[in-house]
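These notes are about the structure you will find just below.
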Amino acid sequence: MRRDINPEVKRERINEFKKTLKSMIFPLVFVAVIVVAVLLIVRFGAAEDDEPSVIPEKYEGSEEPIVIENDKLRLTMDPLTTNFTLLVKSSGKEWTSSVHGADTDPIAQMSEKGKLKSEILLNHTTQNGLDTLYDSYSFSTSRGIYDIEQGSDYITVHYSLGDIEREYIIPPMMTEDRFKELTAGLDMNKKIYIQGMYTKYDLKKVKDEEKKQDLIAKYPMIEEEPIYVLEAASGGKPSLENILADLGYTEADYEADKALVNLENTSDKPIFRVDVTYRLDGSDLIAEVPISSIESPSSYRVTNLTVLPYFGAAGTDKEGFLLVPEGGGALINFNNGRNSQNNYFSNVYGRDICLKKNDLVHDTRAYYNLFGISEGNDSFICLIEEGASYAGIQADISGRVHSYNFVNALYTIKAREQYDVGQISSSDIYGFNENLPQDESLVQRYRFIDSGSYVDMAKVYGSYLKDRYGSYLTLNTDTEAPVVFDIVGAADKVRQVMGIPVSRPLALTTFEQAEDILKSLKNDGMNNITVRLSGWCNGGVNQEVLTKARVLSQLGGKKGLDKLSKTAKDLNIDLCLNGITQYAYNSNLFDGFFSYTDAAKFVGKQRAELHIFSAVTYALREGTDSFFLLHPDRILEMMDTLKGAGDKYNSGIAYEDVGMDLSSDFYKKNPVSREKAKKLQTEKLKAVNDSGMKQIVVMGNDYAVPYVDMIVETDLSGSQYTILDKNIPFFQLALHGYVNYTGEPLNICGNIEDEILYSAEYGAGLMFTVMHEDAFILQDTLYTKYYGCEYTNWKDRISTIYNNYNKELGGIFNQEMIDHEKLTNEVSCTVYADGTRVYVNYSFADYTAPDGTLVPARNYKAVR
């Protein structure tokens, strides 16, 4: 008997079913989208496998050494290995392209020995992130899959790299008569050896019809007479090749025998291609890799490349050091025994901001594109002239995986990004930047010095920069120490407006108050002052996108800023308006920013949305909003806006980011490589310089330095990695007197004593960050870094610090730095062109210098 269901209950069940169905729609659609995406990836990845592979090269040239030479250098290459030696004629020193004694290294494994004997290291990966490294010895020259092209002043090596069997000069098949003829003159042992390498087939004795047809297809001669087919393992082929060569078997014979068979190469192992050109340019060696020459099978991606990874590598019997661009510069002594520490690595110009970052990690940074090696009384520096923004400098000492000390540049060729498909796949899936710039190259210039001194290496670098940039690098005329004041105008703070929390600019220093600060500084005897005015427009220091410069009314508006600029002029103070030009904070359509069109794109094609991480929790910092990296074209527009503001208010300009951060844009329709972005920004900096406007940058990447008047917040000493033996002012030895620079703001740097000492050793000016308001006003904000910036609290101390510094060092800033020496681990001496010696004592005990000068503990002293 059927029981009737209550209508109310029925309706409730129907409604409940509808709710359940609705709740499932979004998850089902979401899963469907992911499944489709993965299927597309797999489909297109599989489709790529059908595309043509890279055809390997084959060296058929002479075994005689290949030589190119000029009046300064001679390069001699072994064509069988592509290893070369470079003779520096002025000193007689020979540098080697790789390690010639690698085979006898007592600690190196076989794979490491292959790397040591190589001119190229190539990393490649699959879509699932399976990484493999090929070295040019093990995967190219030892297999004969390369070629050499020689011109009047260059040598180009066309490398094919692959895990494929070397082609031996051995007949793949011989007829019975040919076999008997060839082995007739051999002794019994060799005849038995060859018979063991071949298998005899007689068509009359083959019963299996399928096997018979297969033999006829591959070896048509079997229909006429019995044949011998090569079926030897690879290990026996070298000996067989030598035996046949002694019998007069030639490559022409081999080609004729190959034509008699129909064999296909069925290997599915990938083959890659890279061209390296070596050229002598006066006293320099240039190594160049056109990016267009880097080829790979479509289902594989070349992720990294190292050119001449072990050029000048020194064994355990040598004395010298590796030069790396950490801070102003750092030295790693050969064989220093610090194998328990990590090897050295630093990204040139820092990390690419357009590569997604999901965690708080230490971002390495080198602000110039150079490394070097000093051995005994000889040395070289390697300048990365093209492709530096893709490079990371890596160095290591002997004793870790082999017995050699080395430094080189590792280039990122194809950036990648991991997709999160963990819910539907246990395999990792990666997306790659497929748009390689075909008009770019990786260029390394090696310049050789007949001295083992890092000072001489730095002076050669300085000469290179002055030759390259000409009148953009000229000695300044400063007679007093430069000092920079970063005056903080406004910061955003959440306040209640009619009971609603609203973020509004909070005035920390009005333009009128800034005028008072400038007058006070001038009255305290400071004459070489530069002011960077931060937080003056578009919401404050956390500036909204700079499509238009809107001067904050809370600070005094346009009239107030104009009056401040005139006051600065009257006081002979350089005022520079600080602006953020690469990022969009707190910005929307009303500010002239639309993230879908104006933001750069990650490798995975998402908008480049960035986040701030907490140094305490390592998670996203609470209370902070995300922000966006701008497309390179928009960055140039923001730079123009800032320049326009400088023109309007008769001031200089300061960049919060340009000259420090450098990013790609992986937007599929209009990709911009990191090198192209560097070129575009450099051209803009140069144009502003040509207009006569003063410019300030932070950190000071080398490409920006010739075109700016001041570099602030320079990382003088760098990170204190334990593998480093000594920090030195290498960059400053090259450029001191040609551009002014400062370290961190002294009052908020964390250790004011150390920063003053670094500044004295490195010949830097001083910097302070100040504001008018009491720090208490910044409670309940994220601007804790400004807690030590109240000017009235710092006024007297700033005056004392500066006047003492200027009294000792005021005369050095128009002088070249000509020498530097570490007298002890904690005492240094820097020497200038006019003979001034600056002693810096980091220790907690007084120090008496060799000339009798007493240098107080934790202090500096200049001697003229």
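Restricting to the stretch 99-120, count the residues that are among the small types (Gly, Ala, Ser), free of Cβ contacts under 8 Å to residues at least 40 places away in the same chain and surrounded by fewer than 19 Cβ atoms within 10 Å (Cβ to Cβ).
Residues that pass the stated criteria total 1.
Output the residue which, of all residues in the stretch 144-153 that are outside any strand (DSSP E or B) and either surrounded by 15 or more Cβ atoms within 10 Å (Cβ to Cβ) or of a type in the set (Phe, Trp, Tyr) (or both), is nearest to the chain's Cα centre (by Cα).
ILE145
Out of all the residues in the stretch 481-519, which are β-branched (Val, Ile, Thr) and touching a residue at least 60 places away in the same chain (Cβ under 8 Å)?
Once the filter is applied, which keeps residues that are β-branched (Val, Ile, Thr) and touching a residue at least 60 places away in the same chain (Cβ under 8 Å), the stretch 481-519 yields VAL483, VAL484, ILE487, VAL488, VAL494, THR509, THR510, ILE517.
Would you call GLY328 part of a loop (DSSP other than H, G, I, E, B), open to solvent by less than 20 Å² (accessible area, probe 1.4 Å) and in contact with a Pro (Cβ under 6 Å, 6 or more places away or on another chain)?
So GLY328 fits the description; yes.
Any idea which residue in the stretch 692-711 is most open to solvent (accessible area, probe 1.4 Å), counting only those that are in a loop (DSSP other than H, G, I, E, B) and either among the hydrophobic types (A, V, I, L, M, F, W, C) or free of Cβ contacts under 8 Å to residues at least 24 places away in the same chain (or both)?
Residue satisfying both the conditions and the ranking: GLY692.
Under the condition of being more than 21 Å from SER664 (Cβ to Cβ) and part of a helix (DSSP H, G or I), which residue from the stretch 583-639 is farthest from the chain's Cα centre (by Cα)?
Selected residue: PHE590.
For the stretch 403-428: of the residues being surrounded by fewer than 20 Cβ atoms within 10 Å (Cβ to Cβ) and β-branched (Val, Ile, Thr), which is modelled with the highest pLDDT?
VAL421
If you check LYS180 against the conditions, is it loosely packed, with under 11 Cβ neighbours inside 10 Å, assigned to a helix (DSSP H, G or I) and out of contact with any Phe, Trp or Tyr (no Cβ under 6 Å at 6 or more places or on another chain)?
So LYS180 does not fit the description; no.
Got a number for residues in the stretch 776-791 being surrounded by 15 or more Cβ atoms within 10 Å (Cβ to Cβ) and part of a helix (DSSP H, G or I)?
4
Which one of these is over 13 Å from GLN543 (Cβ atoms), open to solvent by 70 Å² or more (accessible area, probe 1.4 Å) and not acidic (Asp, Glu): LEU620, LEU636?
LEU620
Could you tell me whether ARG365 is in contact with a Gly (Cβ under 7 Å, 6 or more places away or on another chain), of a type in the set (Lys, Arg) and either under 24 Å from ILE723 (Cα atoms) or open to solvent by less than 40 Å² (accessible area, probe 1.4 Å) (or both)?
yes
If you go through the stretch 762-775 one residue at a time, how many are outside any loop (DSSP other than H, G, I, E, B) and either open to solvent by less than 10 Å² (accessible area, probe 1.4 Å) or over 16 Å from ILE748 (Cα atoms) (or both)?
Of the residues in that region, 8 qualify.
Checking the conditions here, which among VAL443, VAL460, VAL455 is touching a residue at least 40 places away in the same chain (Cβ under 8 Å), touching a His at 6+ places or on another chain (Cβ under 9 Å) and closer than 28 Å to GLY376 by Cα?
VAL455
Taking the stated definitions as given, is LYS678 free of Cβ contacts under 8 Å to residues at least 12 places away in the same chain and either in a loop (DSSP other than H, G, I, E, B) or buried (at least 18 other Cβ atoms within 10 Å of the Cβ) (or both)?
It is false that LYS678 is free of Cβ contacts under 8 Å to residues at least 12 places away in the same chain and either in a loop (DSSP other than H, G, I, E, B) or buried (at least 18 other Cβ atoms within 10 Å of the Cβ) (or both).
Can we say LEU186 is open to solvent by less than 40 Å² (accessible area, probe 1.4 Å), touching a helix residue (DSSP H, G or I) at 6+ places or on another chain (Cβ under 8 Å) and of a type outside the set (Val, Ile, Thr)?
Yes, satisfied.
Please specify each residue of the stretch 620-639 satisfying the condition of being out of contact with any strand residue (DSSP E or B) (no Cβ under 8 Å at 6 or more places or on another chain) and under 22 Å from ASN358 (Cβ atoms).
GLU622, GLY623, THR624, ASP625
Filter the stretch 447-475 down to the residues that are in a loop (DSSP other than H, G, I, E, B), surrounded by 15 or more Cβ atoms within 10 Å (Cβ to Cβ) and either at pLDDT below 95 or not hydrophobic (A, V, I, L, M, F, W, C) (or both) and list them by number.
Answer for the stretch 447-475, where residues must be in a loop (DSSP other than H, G, I, E, B), surrounded by 15 or more Cβ atoms within 10 Å (Cβ to Cβ) and either at pLDDT below 95 or not hydrophobic (A, V, I, L, M, F, W, C) (or both): SER451, GLY452, SER453.
Which count do you get for residues in the stretch 537-571 that are more than 21 Å from ARG634 (Cα to Cα), assigned to a loop (DSSP other than H, G, I, E, B) and either in contact with a helix residue (DSSP H, G or I) (Cβ under 7 Å, 6 or more places away or on another chain) or open to solvent by 30 Å² or more (accessible area, probe 1.4 Å) (or both)?
Count: 2.
Considering only residues that are touching a strand residue (DSSP E or B) at 6+ places or on another chain (Cβ under 8 Å) and crowded, with 24+ Cβ neighbours inside 10 Å, which ones fall in the stretch 654-671?
ALA654, TYR655, VAL658, GLY659, SER663, SER664, ASP665, PHE666
For every residue, the table says whether it meets (1) open to solvent by 80 Å² or more (accessible area, probe 1.4 Å); (2) at pLDDT 85 or above; (3) under 12 Å from PRO172 (Cα atoms).
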position	(1), (2), (3)
GLY196	no, yes, no
THR199	no, yes, yes
PRO220	no, yes, no
VAL229	no, yes, yes
ILE243	no, yes, no
ASN265	yes, no, no
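Could you tell me whether LEU360 is touching a strand residue (DSSP E or B) at 6+ places or on another chain (Cβ under 7 Å), modelled with pLDDT of 95 or more, of a type in the set (A, V, I, L, M, F, W, C) and over 14 Å from SER719 (Cβ atoms)?
No: the conditions fail for LEU360.
Are any of the residues in the stretch 792-808 in a strand (DSSP E or B), open to solvent by 50 Å² or more (accessible area, probe 1.4 Å) and in contact (Cβ under 8 Å) with a residue 12 or more places away in the chain?
The answer is no; no qualifying residue exists.
So which residues in the stretch 179-201 are of a type in the set (D, E, K, R) and out of contact with any strand residue (DSSP E or B) (no Cβ under 8 Å at 6 or more places or on another chain), if there are any at all?
LYS180, GLU181, ASP187, LYS190, LYS191
Among the listed residues THR85, THR156, which satisfies the condition of being without any contact (Cβ under 8 Å) to a residue 60 or more places away in the chain, assigned to a strand (DSSP E or B) and polar (S, T, N, Q)?
Answer to the check: THR85.
The values are calculated or read from the model by the stated rules, or taken from the named source; none is laboratory data. Predicted model, so just to flag it, every value in this text is computed and none were measured. When we count neighbours, we look across all protein chains shown, and the Cβ atoms used for this are built from the backbone with ideal geometry, even at glycine. Heads up: the accessible areas ignore ligands, DNA and RNA and are worked out on the full protein's heavy atoms, side chains in. Shrake-Rupley method; radii C 1.70, N 1.55, O 1.52, S 1.80 Å.
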